[in-house]
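Report on the structure given below.
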Amino acid sequence: MPDWGSRLCNYYWHLRYNRTYNEAARRRYYRKIAAEKKRLIESGVDCEAVRLFCRMMANPANNAAVLRFENYTRQGRLF
């Protein structure tokens with residue numbers, strides 16, 4: 001996990017933890033996630049890396065998302 005992703009990881013954990021009947025809490029975490037993504041992109045973090053990280057955190061069991069994020073970060077380190 002990148003050092004800038006700890007808040008997003010926490011928000012996505014809370015989003016997955018909240019049950020479907022607690023819609024107000026889920027909306028609150030969706031708003032927090034959107035605000036954090038906006039803050040990260042404005043601070044200079046690569047927007048594609050943020051998108052792939054969020055995709056990976058939304059469903060950690062999705063191995064394709066994990067591999068795509070890892071490959072993208074590895075590719076960025078080469079240049």
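The values are calculated or read from the model by the stated rules, or taken from the named source; none is laboratory data. Keep in mind that what you see is a predicted model, and the values were worked out from it rather than measured. Cβ atoms come from the backbone with ideal geometry, glycine included; neighbour counts cover every protein chain shown.
One table, with the values for the structure above:
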quantity: Pair list, Cβ under 8 Å, 6 or more apart: the stretch 33-49 residue at negative phi, other residue in a helix (DSSP H, G or I) and polar (S, T, N, Q); calculated: ALA49/THR73
quantity: Residue in the stretch 49-57 that is surrounded by 12 or more Cβ atoms within 10 Å (Cβ to Cβ) and either more than 16 Å from PRO2 (Cα to Cα) or of a type in the set (Gly, Ala, Ser) (or both) present; calculated: yes
quantity: Enumerated helices (runs of 4 or more DSSP H) restricted to the chain, each holding at least 3 residues that are touching a strand residue (DSSP E or B) at 6+ places or on another chain (Cβ under 8 Å); calculated: none
quantity: Leading residue by the ranking (modelled with the lowest pLDDT) among those in the stretch 1-39 that are more than 19 Å from GLU70 (Cα to Cα) and among the polar types (S, T, N, Q); calculated: THR20
quantity: Check on GLU42, modelled with pLDDT of 95 or more, more than 15 Å from SER6 (Cα to Cα) and of a type in the set (D, E, K, R); calculated: yes
